[in-house]
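Please read the structure below before turning to the comments.
What follows is calculated from the coordinates using simple rules that are stated; it is not laboratory data. The shown structure was predicted, so the numbers you read here are calculated from the model rather than taken from an experiment. Every residue, glycine as well, gets a Cβ built from its backbone with ideal geometry; the counts of neighbours run over all protein chains shown.
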Number of protein chains: 2
Amino acid sequence: MRLMARPVVHTDSLRQELLVVTADLVDRDGPARVTLRDVAAAARTSTTAVYSLFGGKSQLLTAVVDDGFRSFRDSQLAASPGGLQSLGVAYRDWALQHTSLYRLMFGGALAGYVDCQPSPEVAADAMEPLLDAVASAQAAGNLLEAPTEVVAVAIWGQVHGLVSLELAQVGPPDADWAAAYGAALDAVARGWAA
Amino acid sequence: MRLMARPVVHTDSLRQELLVVTADLVDRDGPARVTLRDVAAAARTSTTAVYSLFGGKSQLLTAVVDDGFRSFRDSQLAASPGGLQSLGVAYRDWALQHTSLYRLMFGGALAGYVDCQPSPEVAADAMEPLLDAVASAQAAGNLLEAPTEVVAVAIWGQVHGLVSLELAQVGPPDADWAAAYGAALDAVARGWAA
DNA sequence: CCTTGTTTCATAACAACGTTACGAAACAAG
DNA sequence: CTTGTTTCGTAACGTTGTTATGAAACAAGG
């Protein structure tokens, strides 16, 4: 029989708590101002918990980013019935409702400031609604017959780029981002129409 | 007459040297691994120089980013005679040749990991070739008559998004980015055609 | 009930970073 | 040579991620 010792506190529920608390801090103060000490204090534990449950700060942030991609996929799934345009609108809506998380998800990996690249399968899952929409639009003869993945990646990039320029506030200071986004969605639709 | 004291070493040429050295380090090790001590050592000076010449690390990085936008604008200007498609190709070429810098320019601001947002007028200058190309294509009747700035921002975003997804390696692991980019440029052209 | 043994985790130490404060270095003037 | 002033390299500080240490917590055996 196994010798039981001090009871385990670094359990899976604390893991969840740490994820929530970290996501909150990221959303409130931005990724840069999130420290392990703050995370631990907010979860009423010590920094050791992060190391025993995640392995370190980058793995914690990676887990937060993965959760972000899952939440994003859910919102895409909900918008799926509306077709491609609806996916595009939902994309920006989600990003504007989770600005800091979106910035961490894409900007973090881009800048290389944290080693928090999303797990490939999670990112792939997030892209699935778009892939399906592209495939069915192609099947219906409404979309160009280029390889589905190529079309989907291209559309994703076009949509992501506008949102990320808007969030980074790079570009003309008085830019009308909503108008630009709407016009871009229309252009995307026209550009890929069969 | 002014009382001369210890000769000035923190001169403008040292400022340039610091910019070059920092850009080198960013390009070699990525923005995250650049420390002021390394920068100072590489420029054979002390960290004080960064503070007296720039004010701090964020201002140094901002200056590097601004230089990046200027170099980017030069490459866009060189591609200007080829029209919109040529600008698009040059965009990705420059990004792939200055990956770390590009990541810092856009990912840094997006992730908020450093306070290094580009100076607005420098970013605006970088966008000028695109604005001009859009304006003249509109004048020639080849492009939609939506507000020039809206069209330009939308196109920039579409192009930037694909490049940034490629650099961040977010997306399908076996994605054919070159193909996706080429197809996207064609789609952009079709989508905004008059 | 106390001792022993084992596991678990909070605290404290460590190294590295950005930043600031200090004081030596370097030269003009008297 | 001394004094005065400016300049900048060195060293100190506070904070960060990470690691090491030892106390806390409980089961088993006497």
Suppose we keep just the alpha-carbon trace of segment A:9-55; what are its Rg and Dmax in angstrom? 9.8, 28
Orientation-averaged projected area, Cα convex hull of segment A:50-194 (nm²): 9.2
At 7 angstrom along the Cα-to-beta-carbon line, where would the label on residue A:119 sit relative to the other copies? Give the distances in nm, shortest first. 4.6
Dipole magnitude of segment A:58-192, debye to nearest 20 (Cβ charges: Lys/Arg +1, Asp/Glu -1, about Cα centre): 140
Determine the shape class of the protein assembly as shown: with a ≥ b ≥ c the square roots of the Cα gyration tensor eigenvalues, call it rounded for a/c under 1.5, and otherwise prolate if a/b is greater than b/c, oblate otherwise. oblate
Kirkwood hydrodynamic radius, computed over distinct alpha-carbon pairs, for segment A:122-191: how many Å, to one decimal? 13.3
Using a Förster distance of 22 Å, the FRET efficiency for residue A:97-residue A:119 (Cβ separation, nearest 0.05): 0.45
Between residue A:41 and residue B:16, what is the FRET efficiency for a Förster distance of 56 Å, r being their Cβ-Cβ separation, to the nearest 0.05? 0.80
Among A:88, A:58, B:161, the residue whose Cα sits farthest towards the positive end of the charge dipole of the protein assembly as shown (+1 at Cβ of Lys and Arg, -1 at Cβ of Asp and Glu, taken about the Cα centre) is A:58
Local electrostatic count at residue B:164 - Lys and Arg +1, Asp and Glu -1, tallied over other residues with Cβ under 12 Å: +1
If every Lys and Arg gets +1 and every Asp and Glu gets -1 at its Cβ, then about the Cα centre the protein assembly as shown yields a dipole, in debye to the nearest 20, of 1500
Rg and Dmax of segment B:1-89, using alpha carbons, in Å: what are they? 17.1, 60
Ordered shortest first, which distances in nm separate the 7 Å Cα→C-beta label point of residue A:193 from those of the other copies? 1.2
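Taking the Cβ of residue A:192 as the center, what net charge do the other residues with Cβ under 12 Å away carry, scoring Lys and Arg +1 and Asp and Glu -1?
Spelling it out: positives minus negatives among the neighbours equals -1.
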Under a Cβ-Cβ cut-off of 14 Å, what is the net charge of the residues other than residue B:32 that fall near it, where Lys and Arg count +1 and Asp and Glu count -1? +1
Kyte-Doolittle mean at least 0.0 and Cα extent at least 24 Å along the axis: which DSSP H helices of chain B qualify? B:120-139, B:148-168
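Suppose R0 equals 45 Å. What FRET efficiency, 1/(1 + (r/R0)^6) with r the Cβ-Cβ distance, do residue A:85 and residue B:33 give to the nearest 0.05?
Working from the Cβ atoms, E equals 0.60.
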Taking a crude spin-label model, label points 7 Å out from Cα along the C-beta direction, the residue B:169 to residue B:52 distance in nm is 4.2
Going by C-beta contacts inside 10 Å, put B:13, B:119, A:71 in order with the fewest on the left. B:13, B:119, A:71
With the 8 Å Cα cutoff and a minimum separation of six or more residues, segment B:63-194 has a relative contact order in percent of 28
